[in-house]
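Enquirer: Encoded as C-alpha cells, here's the structure I'll be asking about.
What follows is calculated from the coordinates using simple rules that are stated; it is not laboratory data. All values derive from a computational prediction rather than experimental measurement. Heads up, the Cβs are rebuilt from the backbone with ideal geometry, glycines too, and the neighbour counts pull from every protein chain shown.
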C-alpha cells in the first residue's frame with residue numbers, strides 16, 4: 001500500500017504587536033497630602049492673581065500674604081494659572097498655556113510653589129490652582145507634536161475656540177482620547193509634585209461633561 005503524506009498547513013505569518021502607548025511615569029509624592037480640604041458646601045474660596053497681589057508679583061508674594069488671606073475667613077485659595085504663558089499671537093494672558101507641566105518663571109520655580117502650598121496647608125488653607133483645559137497657546141508643543149489633538153477645519157487648519165474672540169489660543173479636540181489622557185496626566189502631576197489639593201476648572205462649560213467626569217474620577221483615585 002502506497003504511503004500518503006498528510007498535508008501540513010503553513011504556519012501563519014507572525015504579527016508584530018503594536019508598540020505600547022507611552023505613559024508618563026508617576027512622579028514621587030512631594031509632601032504629605034493635606035487632610036483639611038473642606039466639603040464643597042463649606043468652601044470659602046479666594047482667587048489669587050500673582051501679578052497683582054504683591055509688589056513682587058510672584059509665588060513668594062502670595063506666601064507673604066497667607067496670614068492676611070486666612071484672616072478673611074478663607075479656607076481655599078485658587079491661584080490663577082501657574083504655567084508658562086505662550087508668546088505666539090499672545091496678549092500675555094495666563095490662560096494661554098504653553099506647557100501644562102512647567103511653572104511660569106515669571107512667578108518663580110517649583111520650590112517656590114511648594115513653599116506656597118506648604119505655607120497654606122500649615123494655616124489650614126487648601127490650594128487649588130486654575131486649570132485651563134479647553135485650549136492652549138499657539139506655541140504649545142502639542143500643536144507641533146500632536147496637531148490631531150486640536151479642533152481643525154476641513155482644510156486641516158487648527159481653530160481658535162468657536163464662537164469666542166479668544167484668538168490667542170487654540171481649541172483642543174475632546175474627541176481625541178490621547179489628548180484627554182495627556183491632559184489628565186498633567187493634572188495628576190501637580191498633585192504629586194506640588195501637593196496641590198484640587199483644581200479650579202476654567203471655562204468649565206466648554207469641554208464636555210464626560211471629560212470632567214473622566215478627570216475627576218481619575219484624580220480622586222490619587
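Enquirer: So how long is each side of the stretch 31-107 along the principal axes, counting just the alpha-carbon atoms, biggest first, in Å?
Expert: Between the extreme Cα coordinates on each principal axis of the stretch 31-107 lie 40, 26, 25 Å.
Enquirer: A further question on this structure: Of all DSSP beta bridges located in the stretch 40-216, what percent are antiparallel, nearest 5?
Expert: 45 percent
Enquirer: Using the per-residue mean of other Cβ atoms lying within 10 Å as a proxy for protection, in what order, highest first, do the peptides 98-106, 136-144, 65-73 fall?
Expert: Ranked by mean Cβ neighbours within 10 Å, highest first: 136-144, 98-106, 65-73.
Enquirer: Continuing with this model, one more query. Gain in length, residue 102 to residue 32, computed as 0.36 nm per residue apart minus the alpha-carbon separation, to one decimal in nm?
Expert: Extending this stretch completely gives an extra 23.1 nm.
Enquirer: Only helical DSSP H runs with n ≥ 4 go in: add -39500 (n - 2.57) per run for the chain, normalise by residue count and round the 222 nm mean residue ellipticity to 500 deg cm²/dmol.
Expert: -7500 deg cm²/dmol
Enquirer: Separate question: Run through all the Cα pairs of the chain and give the fraction in each 5 Å bin from 0, expressed as whole percent.
Expert: 1, 6, 13, 16, 17, 14, 11, 7, 3, 2, 2, 1, 1, 1, 1, 1, 1, 1, 0, 0, 0
Enquirer: So, one more: Stretched out fully, how many nm does the piece from residue 109 to residue 57 gain, at 0.36 nm a residue minus the Cα gap?
Expert: 17.4 nm
Enquirer: Here's another thing I want to ask about it. Report, to two decimal places, the Cα Rg of the stretch 146-222 normalised by 2.2 N^0.38 Å (N = number of residues).
Expert: Cα Rg divided by the expected 2.2 N^0.38 Å: 1.21.
Enquirer: Oh, and also: How far apart, in nanometres, would the label points at residue 88 and residue 145 be if each is projected 7 angstrom from Cα along the Cα-to-Cβ direction?
Expert: 1.4 nm
Enquirer: Would you mind calculating the gained length between residue 159 and residue 39 on full extension (0.36 nm times residue separation, minus the Cα-Cα distance), in nm to one decimal?
Expert: Here the answer is 39.4 nm.
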